[in-house]
């Protein structure tokens, strides 16, 4: 009954963490959320971790539960600014929640800048969440874990951004990160100083850094979705001055070259792991 209520729309899952999929021992389960601020849920068992499990820039906040029977934990991760090791433990089961890009959940008593490139224990941030942690980490059914977290989120929303920041975020995403501050000045009527101050307060990063994150995810998404992507065309579409610049940036943010990344995500060993609820 519960499982039948979960539907996954792949078009809504743009902000990817491909190294989590690659490090799954078997299946990597995905499902959308009915809550307006959550992008999707995911679950997997960590494999042998032959390659380092990186998190890449995505502009999202994740809550990741380690469902180990003896030592369960729950951590809140802010977006990294380049590929970073997240230290998964072999054979541990994980359940994760990824919020939509730019969303700051209202239950987190932190400034947006305090989450960038950092992670915290959920219990440290919300001491009353021990019941939620116990319920999710002892549950083995993906759908039941989703229901437990959606119940927790039932009366919670996102922290409100200024109208200016909301507009700038929308423009950056619509342009796949390929937008300049002078264009944002022209479209908003605000000075660069005001734009950057408001955006930094709401998002914890500058418009330029957020654009870099969105360009990274746009490149990852296009490589994942396209069978015959041209890296030179992709570099041009995303506003890079030349292909070598794009290749250097991709490797810094994703920890591999576009060609090697393409080979990994198009291989059956990757595709067969993904299981949509």
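No value in this document is a laboratory result; all are computed from the given coordinates. Keep in mind that what you see is a predicted model, and the values were worked out from it rather than measured. Backbone-built Cβ (ideal geometry, glycine too); neighbour counts: all protein chains shown.
Data overview
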quantity: Calculated [θ] (222 nm, deg cm²/dmol) that DSSP helices of n ≥ 4 give over the chain, each run adding -39,500 (n - 2.57); calculated: -11500 deg cm²/dmol
quantity: Separation of alpha-carbon centers, region 12-44 and region 127-196, rounded to whole Å; calculated: 16 Å
quantity: From the C-alpha gyration tensor of region 211-254, square roots of 5λ in Å; calculated: 14, 12, 9
quantity: Additional length obtainable on full extension of the chain from residue 242 to residue 188, 0.36 nm per residue less Cα span; calculated: 16.5 nm
quantity: Pairwise label distance in nanometres, residue 160 with residue 259, each label 7 Å out on the Cα-Cβ vector; calculated: 5.2 nm
quantity: Label-point gap, in nm, between residue 68 and residue 117 - each point 7 angstrom along Cα→Cβ; calculated: 2.7 nm
quantity: Length-normalised contact order of region 163-263 in % [C-alpha pairs under 8 Å, at least 6 apart]; calculated: 24 percent
quantity: Global form of the chain, assessed from the alpha-carbon gyration tensor, a/c cut-off 1.5; calculated: oblate
quantity: Region 163-263: proportion of alpha-carbon pairs further apart than 21 angstrom, %; calculated: 37 percent
quantity: Of all DSSP beta bridges in the chain, antiparallel share, percent nearest 5; calculated: 90 percent
